[in-house]
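Here is the structure we will look at, set down as structure tokens.
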């Protein structure tokens, strides 16, 4: 039985493999082994095979190396994301599982950073924060457009001397207003007179 797009993509190891290919990178399994050194080679090969079978990775080149064929893979971005139709068809439990995989991936990234040993959040410009704001739908759409405009040119940066790969993660969701409802707070003019 073929694996669904969500099941294929929302696995912690496969998510890391997909992340390694972002920014139009072409990588061999040896390149991946270097980048994902904490993943056992057999596990890595198995997940690369699943991503190839699912059409997420494609073979860009092959060459003979010591009697074996070394394949260079690239990411098919169209297959590496869930479409709007798929997202809208997901159940609450599907979204819970997807979000859990996303958060597990972030925890893994942060744990690998901490495991490096010489951790200095200020020097390494590492941070995590939470902000809550009151925005109507138009203001929220404007915020999202502005963030996309700021991020887009940086997402296209190739690896280069002096550059460090940085992970920018975001979660956007409505906050709880105390009653669990998505509502607007009363204005000062709505306050009872004293």
- line: For region 11-25 the number of residues that are in contact with a strand residue (DSSP E or B) (Cβ under 9 Å, 6 or more places away or on another chain) and either farther than 12 Å from residue 159 by Cα or part of a helix (DSSP H, G or I) (or both) is 4
- line: A careful count of residues in region 80-96 that are in contact with a helix residue (DSSP H, G or I) (Cβ under 8 Å, 6 or more places away or on another chain) and outside any loop (DSSP other than H, G, I, E, B) gives 2
Whichever residue in region 58-82 is within 13 Å of residue 5 (Cα to Cα) and touching a residue at least 24 places away in the same chain (Cβ under 8 Å) and, among such residues, is surrounded by the most Cβ atoms within 10 Å (Cβ to Cβ): 80
- prompt: Out of region 118-153, which residues are within 18 Å of the chain's Cα centre (by Cα), outside any loop (DSSP other than H, G, I, E, B), surrounded by 10 or more Cβ atoms within 10 Å (Cβ to Cβ) and without any contact (Cβ under 8 Å) to a residue 24 or more places away in the chain?
  reply: 147, 148, 151
Which listed residue, of 135, 151, is touching a helix residue (DSSP H, G or I) at 6+ places or on another chain (Cβ under 7 Å) and modelled with pLDDT of 90 or more: 135
Residue in region 176-194 that is modelled with the highest pLDDT, counting only those that are surrounded by 10 or more Cβ atoms within 10 Å (Cβ to Cβ) and under 29 Å from the mean Cα position of the chain (by Cα): 176
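The values are calculated or read from the model by the stated rules, or taken from the named source; none is laboratory data. Bear in mind the structure is a predicted one, so any value in this text is a computation, not a measurement. Reconstructed Cβ throughout: ideal geometry from the backbone, glycine too, with neighbour counts over all protein chains shown.
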